[in-house]
Amino acid sequence: MTTEQIKNFLTTAEVLNFHKASRAMFIAQPALSRQIKKLEDEIGAILFDRTKKQIKLTAAGIFFKNEMKRVFAQLEQTKKRTGQIHRGEAGEIGMGHVSSAMQSVLPPFLKKIKQQYPGLKITLKESACTDMINKIMNRELSFGVVPNVTVPNEIEEVTLYKEKFVVVMPKNFKISSKKSERLRALAKADWILPALEDSQGYNEILYRLFHKNGFWPKVAFESPNASTNLRLVSEGLGITIIGKSAIKNVKLNIKHFELTEMSPEVEMRFVWLKERKEELKEYIELFLKIFSEIRNT
């Protein structure tokens, strides 16, 4: 199996046409067909279904395509990082985060990184928890900052901080003055929450909390973005529940109350792929050191 064979396979897998693929790669179509057949023989699997005029990938072909794209992406990252090490450069890291992290741990973290390691470039990607974990699993991101997410066994995590949930509502929203009844009194309100598929683990905590208070929320809007949800609340379109730090320094038409001492907490976590631990060791140690310094200031 050669790099050229794999590249030719990937091109063919994208266009699903041997003639178009051969023209794109400037090789004869019979030669391309022989390469693909040789690749299939070596792997021991049929990659293309050729029984109809329009070829298509088999289940094995789809798997092989996805894995080879991941391998090639990692190869490019490795080549780039190797060159950076040779030149004595700090490198580049992709980090995913939920929007609420920008109201808490990320700004002071990034400020310290910039001061202490000005040559290190961090590419930030804001996304929903599930999407972020998938990107880390596929090596599209190196790290993530996520709250209470349920992660697969392949992911390693460290808790950065814990904080209370707060219920946020428009300033003119009327609510019970009794702390024990506040959440239960919101059973008929319109709620603004992350979609269930966007935040597995985090949402489970919220829905257990709702169930404990005797209701299932009437969801009017779904968004994984904390800033979006707070803006919707400010416009009087519903209420939301979020980590306390997410409302820090937010100047909107909102008010909030903190949930009781017995309620669950938001746990903001730093995550990465276990099998990349040795590769990312210097960054893991550096980032956790800085996160620790921030917590202790």
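The values are calculated or read from the model by the stated rules, or taken from the named source; none is laboratory data. In this text the structure is predicted, and so the values were computed from the model without any measurement. Please note: Cβ atoms are built from the backbone with ideal geometry, for glycine as well, and neighbour counts cover all protein chains shown.
Laid out as a table, the results:
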quantity: Strands (runs of 3 or more DSSP E) wholly inside region 199-261 that include at least 1 residues being surrounded by fewer than 17 Cβ atoms within 10 Å (Cβ to Cβ), out of contact with any Leu (no Cβ under 9 Å at 6 or more places or on another chain) and not β-branched (Val, Ile, Thr); calculated: 218-222, 254-258
quantity: Condition met for VAL146 (under 21 Å from GLU267 (Cβ atoms) and of a type in the set (A, V, I, L, M, F, W, C)); calculated: yes
quantity: Cross-chain or 6+ apart pairs with Cβ under 7 Å, region 209-227 first and over 25 Å from SER180 (Cα atoms) and not assigned by TED's automatic domain parsing to the domain that holds ASP190, then among the polar types (S, T, N, Q) and surrounded by 14 or more Cβ atoms within 10 Å (Cβ to Cβ); calculated: none
quantity: Residue list for region 111-155, restricted to those being surrounded by fewer than 17 Cβ atoms within 10 Å (Cβ to Cβ) and in contact with a Phe, Trp or Tyr (Cβ under 7 Å, 6 or more places away or on another chain); calculated: none
quantity: Residue check, VAL151 part of a strand (DSSP E or B) and either touching a residue at least 60 places away in the same chain (Cβ under 8 Å) or within 17 Å of ILE241 (Cβ to Cβ) (or both); calculated: no
quantity: From LYS248, LYS178, residue being out of contact with any Asp or Glu (no Cβ under 6 Å at 6 or more places or on another chain) and farther than 24 Å from ALA101 by Cβ; calculated: LYS178
quantity: Residues satisfying the stated conditions in region 141-150, i.e. modelled with pLDDT under 90 and under 11 Å from the mean Cα position of the chain (by Cα); calculated: VAL149
